[in-house]
Amino acid sequence: MKKAESWEPSKFVPSETGWGPSKDPKQVGLGSRYITQIAVKEYEKIIKKYAKGNLLDLGCGNAPLYGIYKDLVNSVTCVDWGKSHNTSYLDYKMDLNRELKLKSNQFDTVLMTDVLEHIVEPKNLLIEVQRILRKRGKLILASPFLYALHEIPHDYHRYTRYSLEYYCRESGLKVIDLYPYGGLLEVFMDLVNKTMARYLHFPKILLSFHCWVSNLVTSSRLGEKIRNRTSESFPLGYILIAEK
């Protein structure tokens, strides 16, 4: 990773209870803070469980997860297309819709968070991921489902668990873990937060209060019960681990 010594937390920041969303509105808008907090907790958990060896952060943007995985791996390679985000940390600029100019059997871990929805032909990229992974290497993938369009016009897909399984299988990757995160209540709260922020332009203090209420409600026993019953039908997104 280039300029690793100058890396600073951006979208995600550490705290005593783990990583969470930045309070800087330039990094995470108030309307997105709630869902970002949910997502990063899932990312942190799965990265700490599976990241090792030589890691490729594919579609890394400004490497917001570097602080989580940097002490777990031997080396970090950052790749993105270089047309958005901060490109200071990129080792290579590549179009992920084309063949990756990386050696085969090179990485122990490939990390792809919120990337696959921006790929026109997902099977082609996953075939490339399979090629560059070493034997028993792991793909850590996070993909949104019930989530607003973003980075328009480069937002092409939303994947169910069945399509993720299909594309991995067709690419020669074995899915070893796949689960949804969030449920109907989280989806509803996220929609309310975004509507208040983007379209109704609520004051910051009310947005912050509603974000706090959202966390309080969804972390309650009732919230957990609703999530357990609805996550398969109304997921915010999916976490997938696949192995070569």
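Consider the range 114-144. How many of its residues are part of a helix (DSSP H, G or I) and among the β-branched types (Val, Ile, Thr)?
The initial filter retains those residues of the range 114-144 that are part of a helix (DSSP H, G or I), namely 116-118, 122-132.
Then drop every residue that is not among the β-branched types (Val, Ile, Thr), which leaves 127, 129, 132.
Number of matching residues: 3.
How many residues are within 22 Å of Lys103 (Cβ to Cβ) and in contact with an Asp or Glu (Cβ under 7 Å, 6 or more places away or on another chain) if we restrict to the range 56-76?
4
State the number of residues belonging to the range 101-110 that are of a type outside the set (Phe, Trp, Tyr) and either crowded, with 20+ Cβ neighbours inside 10 Å or in a helix (DSSP H, G or I) (or both).
Residues of the range 101-110 that are of a type outside the set (Phe, Trp, Tyr), as a first pass: 101-106, 108-110.
Right, trim to either crowded, with 20+ Cβ neighbours inside 10 Å or in a helix (DSSP H, G or I) (or both) and you get 108-110.
So the count comes out to 3.
Which ones in the range 159-208 are touching a residue at least 60 places away in the same chain (Cβ under 8 Å), in a loop (DSSP other than H, G, I, E, B), surrounded by 15 or more Cβ atoms within 10 Å (Cβ to Cβ) and small (Gly, Ala, Ser)?
Gly182
Please identify the pairs in which a residue from the range 39-68 that is touching a residue at least 24 places away in the same chain (Cβ under 8 Å) and surrounded by fewer than 23 Cβ atoms within 10 Å (Cβ to Cβ) has its Cβ atom under 8 Å from the Cβ atom of a residue that is assigned to a helix (DSSP H, G or I) and of a type in the set (Asp, Glu), counting only partners at least 6 apart or on another chain.
Short answer, once both residue conditions are applied: Ile68/Glu44.
Filter the range 88-97 for residues that are surrounded by fewer than 18 Cβ atoms within 10 Å (Cβ to Cβ) and either in a helix (DSSP H, G or I) or touching a residue at least 24 places away in the same chain (Cβ under 8 Å) (or both) and give the result.
Selection gives Ser88, Asp91, Asn97.
If you take the residues in the range 111-158 that are touching a His at 6+ places or on another chain (Cβ under 7 Å) and farther than 22 Å from Lys101 by Cβ, which one is surrounded by the most Cβ atoms within 10 Å (Cβ to Cβ)?
Checking each candidate, the answer is Glu117.
If you check every pair at least six apart or on different chains, which have Cβ atoms under 9 Å apart with a residue in the range 226-239 that is part of a loop (DSSP other than H, G, I, E, B) first and a residue that is among the polar types (S, T, N, Q) second?
Listed pairs, sorted by first residue: Pro235/Thr160.
Quick check on Leu30: is it in contact with a Ser or Thr (Cβ under 7 Å, 6 or more places away or on another chain), within 22 Å of Trp81 (Cβ to Cβ) and either aliphatic (A, V, I, L, M) or touching a residue at least 40 places away in the same chain (Cβ under 8 Å) (or both)? Give the steps one after another, and end with the answer.
Values: in contact with a Ser or Thr (Cβ under 7 Å, 6 or more places away or on another chain): yes; within 22 Å of Trp81 (Cβ to Cβ): no; either aliphatic (A, V, I, L, M) or touching a residue at least 40 places away in the same chain (Cβ under 8 Å) (or both): yes.
So Leu30 fails the test.
Can you pull out every residue in the range 96-152 that is of a type in the set (D, E, K, R) and over 16 Å from the mean Cα position of the chain (by Cα)?
The initial filter retains those residues of the range 96-152 that are of a type in the set (D, E, K, R), namely 98-99, 101, 103, 108, 114, 117, 121, 123, 128, 131, 134-136, 138, 151.
Listed by number, the residues that qualify are Arg98, Glu99, Lys101, Lys103, Asp108, Glu121, Lys123, Glu128, Arg131, Arg134, Lys135, Arg136.
Mind listing whichever residues of the range 58-84 are part of a loop (DSSP other than H, G, I, E, B) and either modelled with pLDDT of 95 or more or of a type in the set (A, V, I, L, M, F, W, C) (or both)? Give the derivation first.
In the first step, residues of the range 58-84 are kept if they are part of a loop (DSSP other than H, G, I, E, B); the result is 59-65, 70-74, 81-84.
Correct list: Gly59, Cys60, Ala63, Pro64, Leu65, Lys70, Asp71, Leu72, Val73, Asn74, Trp81.
The values are calculated or read from the model by the stated rules, or taken from the named source; none is laboratory data. Note that the coordinates shown come from a computational prediction; the quantities given were computed from them, not determined experimentally. As a convention, Cβ positions derive from the backbone with ideal geometry for all residues, glycine included, and neighbour counts pool all protein chains shown.
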